[in-house]
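Engineer: Dropping a structure here in structure tokens format, bear with me for questions.
Every read-out reported here was derived from the displayed coordinates using simple, explicitly stated rules and does not represent laboratory data. Being a predicted model, the structure only gives us computed values, none of them experimental. Here Cβ is always computed from backbone atoms with ideal geometry, including for glycine, and neighbour counts include all displayed protein chains.
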């Protein structure tokens, strides 16, 4: 387990090694921290709620499920133990902010620690969010029956997961804040008892308790041990925004100092203490599903540093003293792969397969996802109809930190050091691959050097475990950029056909949408924000040649492009201003209208355009956040040059404005990179692109000026930050291209269409 | 009883359960090692032996130097490029002409035919020699190492 605090003092190191040995039972068993102090967890199992973490509870059947913790030690340091990984999104720090605010803790002495990969830390709310609507009301959340159900589902799916833009709005809102408020109440209770005064007369500030009348005061640490004996309120009153001291403020991220001074440990940095490490490079089949038929390693065997060459059936690995030696030797191994059964050899084949499925679905086929009114009749009665076919390519995640995993198998147990978004699933994957119990697999989590969905997979972790078992010594496997680009899991390609019917006033009266890929969120394909009388949204499933993996904003990444481009087509067909056309359809939703009005104002939408410049707009609601964006381009050279992006987001309430803006900006740049250049092509069923020279990122000089504004509309469940910035940017960009040139971009990426 | 109804509405739950199933695989048999070649034990003498010390000829020194260039440039006769263009037979080739590699506009328009002098100038300072080149790392400022790597490049495809 990694202690992800900014300070790497000797003490911190000692504490880390101690924590690393804590089992869940031991953790609960501690009740009171070894040597004194307080631990709080939120129990969620029906019939067995964790009332107080006294030794009584710890002596139970070990089945208590706990999904968040706060620790107050004798140095008055408050530690938030969070069940999410830190992949650059800044969630660790904001989760600590939320806990510390409710606890009235001294922010300078708040630390963050990542929860161990243990079933106790399932992110119940990540599941719950997608199961049923819920309110911010803590009393609702803590209600045991519901939570028992959610916990069960979470455990089944092993949801110790960081994704879905969920950390702040689920764990933060419902676990961190409750744990913080409950801990504060227990401290107040302990102080009241000690001083013989009513709890109502006690105030708290910066980790200190005060009683004004008597002049008594005490640090939290002084009463932490006694507080552990206080009853725990499962439904403590949470602060209202006017009482927030840390929430809503742009507090500096706790993970940044270590990332600047170089002490932060990413997966690729992990060096198991006291163990000599060897390194491995691997090659996987060029076409998914194929296997090694034979390998010729005669040259690799003679190369410097090489220890072993392994044919693992579905991949080949070379183990050596250093990664460089392993990779150089790997490059010389000649491998014959089996033939793929997939009929898809090129992207033309893939799109033809999509088209065949859409042809079969026709005008009414496929699985109906959403339907309203009578789209078919409305289309035939429309005074004007338009239709279009859209395509989106496969995309790679390309996180900055190369894929890597370190594993050591000894005495039937396996230790794994990995930067993963899903440590529990990874643990099960390793157990499966080695045919051992998950209890015998210990995950050591590190920071993630970017993920974007790529690190939701468990294949690499299993591969590393198998290599480590075969060699018998600790091995760090590193996947080359080429391997990660060509042999991974991908944002799906897709094709969509849409039809729209306009009435005599140019109002969008009918919308029909059919497409082939539907993963998550399930409603991403439905333009639910718009008031359209007759809607039909249909899913006609088609097979993918390349394996799917969630990619930043998942279905919204292609659906945002399809829907918001086509809405733009409808606006132009109606002869309406694209922004006003949308506004008219958003009437009745004050939040959406406000977001769009604000972005119009920021971007001077109604003002005149500079010579050769044009603007495009799009609005998408994703992961609970409404985001409208305007992209301004300069087409005077004949090629689109990105100039400005204005984004307005309403996430209900933003916990850390600077962190939120960073995430939206990141989503915009990630989305523009994909829109401009992102594409994986196939040749004989294998991916052509291999590295950043042919899978291009937007370069610094190509990134537009970006301005983000936040609307805190308040009383709604709060929305996410990591993903919502992305979906509107591609359509806003291509809508700007249409405004500038009359060229409608219906297939991404953009750049090669202007080469 | 709530369970079923809730799950059927749930995109994420379905997705997560799918992921779980995928992680579990379909076979109860754990995957095997098909072939294991043990070249040597850890700590044992390297099969390839230590690198040749003492006086090296220029081409052999160039081969050592080129190890760092291999991150981007292949010298394989098959002509495949990675991050940088394939350099097999680069001596005497027109700059920006290797088929299948997407060069920067600057390099493509440079009108250089690679010889000892132009390679020397370019490798010493790619950005200075051809402003706009996308070779942003790998410059060799050491005269001897640069001379050696050019000798090594010239020796390929002879």
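Engineer: Mind checking the full-extension length gain between residue A:705 and residue A:755? Use 0.36 nm per residue of separation minus the Cα-Cα distance, one decimal, nm.
Structural biologist: My answer for the length gained is 15.6 nm.
Engineer: For the stretch A:582-636 and the stretch A:709-745, what is the centre-to-centre distance using only Cα atoms, to the nearest Å?
Structural biologist: 8
Engineer: For the stretch A:378-537, what does the relative contact order come out to in percent, with C-alpha contacts under 8 Å and a separation of six or more?
Structural biologist: 32
Engineer: Describe numerically, in nm with one decimal, the distance between label points set 7 Å from Cα along Cα→Cβ at residue A:250 and at residue A:411.
Structural biologist: Here the modelled spin labels are 5.2 nm apart.
Engineer: If you rank A:705, A:84, A:211 by fewest surrounding Cβ atoms within 10 Å, what's the result?
Structural biologist: So the residues, fewest neighbours to most, are A:705, A:211, A:84.
Engineer: To continue, here is another question. When A:368, A:102, A:723, A:193 are ordered from fewest to most other Cβ atoms inside 10 Å of their Cβ, what list results?
Structural biologist: So the residues, fewest neighbours to most, are A:368, A:193, A:102, A:723.
Engineer: So, one more: Considering Cα pairs under 8 angstrom that are at least six residues apart, work out the relative contact order of the stretch A:576-682 and quote it in whole percent.
Structural biologist: Worked out over the stretch A:576-682, it gives 19 percent.
Engineer: Using 0.36 nm times the number of residues separating residue A:743 and residue A:611, minus their current alpha carbon distance, what extension gain do you get?
Structural biologist: Taking residue A:743 through residue A:611 to full extension adds about 45.7 nm, to one decimal.
Engineer: Using the alpha-carbon centroid of each, what span in Å lies between the stretch A:293-363 and the stretch A:199-263?
Structural biologist: 54
Engineer: Relative contact order for the stretch A:305-457 using alpha-carbon pairs under 8 Å, separation at least 6, rounded to a whole percent?
Structural biologist: Values: 127 pairs, mean separation 22.4, N = 153.
Contact order relative to length: 15 percent.
Engineer: Would you calculate the separation in nanometres between label points at residue A:336 and residue A:601, each defined as 7 Å from the Cα along the Cα-to-beta-carbon direction?
Structural biologist: 7.1
Engineer: Taking 0.36 nm per residue of sequence separation and subtracting the Cα-Cα distance, how much length would be gained by fully extending the chain between residue A:384 and residue A:587, in nm to one decimal?
Structural biologist: Once the chain is fully extended between residue A:384 and residue A:587, it gains 70.8 nm.
Engineer: Once R0 is set to 22 Å, what does the formula 1/(1 + (r/R0)^6) return for the Cβ-Cβ distance between residue A:74 and residue A:440, expressed as a FRET efficiency to the nearest 0.05?
Structural biologist: 0.05
Engineer: Right, something else. Can you work out the base-10 log of I(q)/I(0) for the stretch A:475-575 at q = 0.10, 0.19, 0.24 1/Å, using the Debye formula on its C-alpha atoms alone?
Structural biologist: Values returned for q = 0.10, 0.19, 0.24 Å⁻¹ are -0.37, -0.93, -1.27.
Engineer: Report P(r) for the stretch A:425-526: all Cα-Cα distances, bin width 5 Å, range 0 to the bin holding the largest distance, values in whole percent.
Structural biologist: P(r) for the stretch A:425-526, in whole percents per bin: 2, 9, 13, 16, 12, 11, 8, 7, 6, 5, 4, 3, 2, 1, 0.
Engineer: Hey, rough spin-label estimate for residue A:528 and residue B:108, points 7 angstrom out along Cα→Cβ, what's it come to in nanometres?
Structural biologist: Modelled inter-label distance: 4.7 nm.
Engineer: Turning to a different aspect of this structure: On a C-alpha basis, how far is the centre of the stretch A:394-473 from the centre of the stretch A:480-544 in Å? Whole number, if you could?
Structural biologist: 33
Engineer: With r defined as the distance between the Cβ atoms of residue A:639 and residue B:42 and R0 fixed at 45 Å, what FRET efficiency is calculated, to the nearest 0.05? Mind showing how you got there, number by number?
Structural biologist: Working: r = 55 Å, r/R0 = 1.22.
Efficiency for this residue pair is about 0.25.
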